[in-house]
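Since the structure comes first, as structure tokens, the remarks are kept for the end.
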Amino acid sequence: MIVLDPRILVGSRKVVPAPRLESLTGKRLGILWNNRLGGDRLLRHVGDALTEKYGVADVYFTKKMFVGNAAPEEILNDLVTRVDAVVVGVGD
């Protein structure tokens, strides 16, 4: 019998978050929807609210095809070339 351990070992993967922006004013905002029911409406509302309150210059909305999978590399690469910051969220 082979038993596999699905846990990530502590220290085996280091993730360094991107530096925070000083402001959203004039920035391009990406919104990545995970394709969950209702999430698109919520995230569009978030984009509108951030535009109104913080002066976001442009909102680019995209989605990944399946809820349970990580976003494909081509979607992430597209976001990196188009926007200054990304909001990701779920629905339901």
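Observations on the model:
- Counted residues, the stretch 16-43 - those being open to solvent by less than 100 Å² (accessible area, probe 1.4 Å), outside any helix (DSSP H, G or I) and among the aliphatic types (A, V, I, L, M): 6
- Beta carbons closer than 8 Å, at least 6 apart along the sequence or on distinct chains, pair a first residue in the stretch 64-81 that is closer than 11 Å to L32 by Cα and in contact (Cβ under 8 Å) with a residue 40 or more places away in the chain with a second that is open to solvent by 50 Å² or more (accessible area, probe 1.4 Å) and of a type in the set (A, V, I, L, M) for L79/V86.
- The stretch 1-39, subset at pLDDT below 90 and in contact with a strand residue (DSSP E or B) (Cβ under 6 Å, 6 or more places away or on another chain), residue nearest to G68 (Cα to Cα): N35
- Some residue of the stretch 82-89 being more than 21 Å from S23 (Cβ to Cβ), of a type in the set (A, V, I, L, M, F, W, C), open to solvent by less than 80 Å² (accessible area, probe 1.4 Å) and not in a helix (DSSP H, G or I): no
- Extreme residue, most open to solvent (accessible area, probe 1.4 Å), among residues of the stretch 44-63 that are part of a helix (DSSP H, G or I), closer than 22 Å to E22 by Cα and in contact (Cβ under 8 Å) with a residue 12 or more places away in the chain: Y54
- Residue in the stretch 46-53 that is within 15 Å of the chain's Cα centre (by Cα) and within 19 Å of D78 (Cα to Cα) present: yes
The values are calculated or read from the model by the stated rules, or taken from the named source; none is laboratory data. Given the structure is predicted, the values throughout are model-derived calculations rather than measurements. As a convention, Cβ positions derive from the backbone with ideal geometry for all residues, glycine included, and neighbour counts pool all protein chains shown. Calculation scope for accessible area: heavy atoms of the full protein, side chains included, ligands and nucleic acids excluded. Shrake-Rupley method; radii C 1.70, N 1.55, O 1.52, S 1.80 Å.
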